[in-house]
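Everything below concerns the one structure shown next.
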Amino acid sequence: MAVDMNVKELLVIGDSDLLIHQAQGKWSTKNVKIIPYLHCHPEKNYIDPIEVEIKDQHAHCFQVDEEPDSKPWYHDIRRFHTTREYPKNATNGQKRALKRLANHFFLNEKILYRRTPDLVLLRCVDATEMTRLLEEIHAGTCGPHINGFTLAKKILRDGYFWMTMESDSIRYVQKCHQYQIHGDFI
């Protein structure tokens, strides 16, 4: 809204007491990663301005064509099941987490399945298949344009899984023009 109104300077007052008190030295932080961000103007009692870059176009993304590193999200889990090897440069904590996480998955030849507590197997899908499932189940031939939580549950009932399915479903529904217009009537 501030950008649309061509505002050049904006004072934001919010829940920043913690940061301001730390910057003024009244409180201290145990997290050394925060210290570089605590530069403050004690006479004005506010934090340095943040530079905001304004793009010509909105950056909406309706689908993910590929993973950032061209590997599916479950690559390390599948590789661990196949070779029992950890990713290079993995810390001991990351190795323990991967081993614990891998216990919830089942590899059948090249297809990875997520095992639920009641022993149902859900097929793990990559970003391309995820996009296709969201489109088809939400707005496809028989798509009822359901809300995000219901969409995620329906995808689970249909036997598919990915780690961020609930948040991806909600985001997908928020970008669905028909649902935003007719959602109350559906």
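The values are calculated or read from the model by the stated rules, or taken from the named source; none is laboratory data. The structure displayed is predicted, hence computed values, not measured ones. Neighbour counts are summed over all protein chains in view; Cβ atoms, including those assigned to glycine, are modelled from backbone coordinates with ideal geometry. To get the accessible areas, we keep the full protein, side chains included, count just its heavy atoms, and leave off ligands, DNA and RNA. Shrake-Rupley method; radii C 1.70, N 1.55, O 1.52, S 1.80 Å.
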Within the range 81-128, how many residues turn out to be assigned to a loop (DSSP other than H, G, I, E, B) and not polar (S, T, N, Q)?
15
Identify all residues within the range 146-160 that are within 18 Å of the chain's Cα centre (by Cα) and of a type in the set (Lys, Arg); write none if there are none.
Lys153
Which one is modelled with the lowest pLDDT among residues in the range 121-146 that are touching a Phe, Trp or Tyr at 6+ places or on another chain (Cβ under 9 Å) and open to solvent by 60 Å² or more (accessible area, probe 1.4 Å)?
Glu135
Just to be sure, is Lys153 over 28 Å from Tyr86 (Cα atoms), open to solvent by 30 Å² or more (accessible area, probe 1.4 Å) and modelled with pLDDT of 85 or more?
yes
Among (1) farther than 21 Å from Thr164 by Cα; (2) open to solvent by 80 Å² or more (accessible area, probe 1.4 Å); (3) of a type outside the set (Gly, Ala, Ser), which single condition is Asn108 missing?
(2)
Do we find that Ile170 is among the aliphatic types (A, V, I, L, M) and either within 22 Å of Thr82 (Cβ to Cβ) or buried (at least 20 other Cβ atoms within 10 Å of the Cβ) (or both) in this structure?
no
Quickly run through the range 55-96 and pick out the residues that are among the hydroxyl-bearing types (Ser, Thr, Tyr), open to solvent by 80 Å² or more (accessible area, probe 1.4 Å) and modelled with pLDDT of 90 or more.
Thr82
What pairs can you find where one residue is in the range 85-107 and within 20 Å of Val125 (Cα to Cα), the other is of a type in the set (Val, Ile, Thr) and in a helix (DSSP H, G or I), and their Cβ atoms are less than 6 Å apart, with a gap of 6+ or different chains?
Ala102/Ile77; Phe105/Ile77
Gly159 being without any contact (Cβ under 8 Å) to a residue 60 or more places away in the chain, open to solvent by less than 60 Å² (accessible area, probe 1.4 Å) and on the phi > 0 side of the Ramachandran plot:
yes
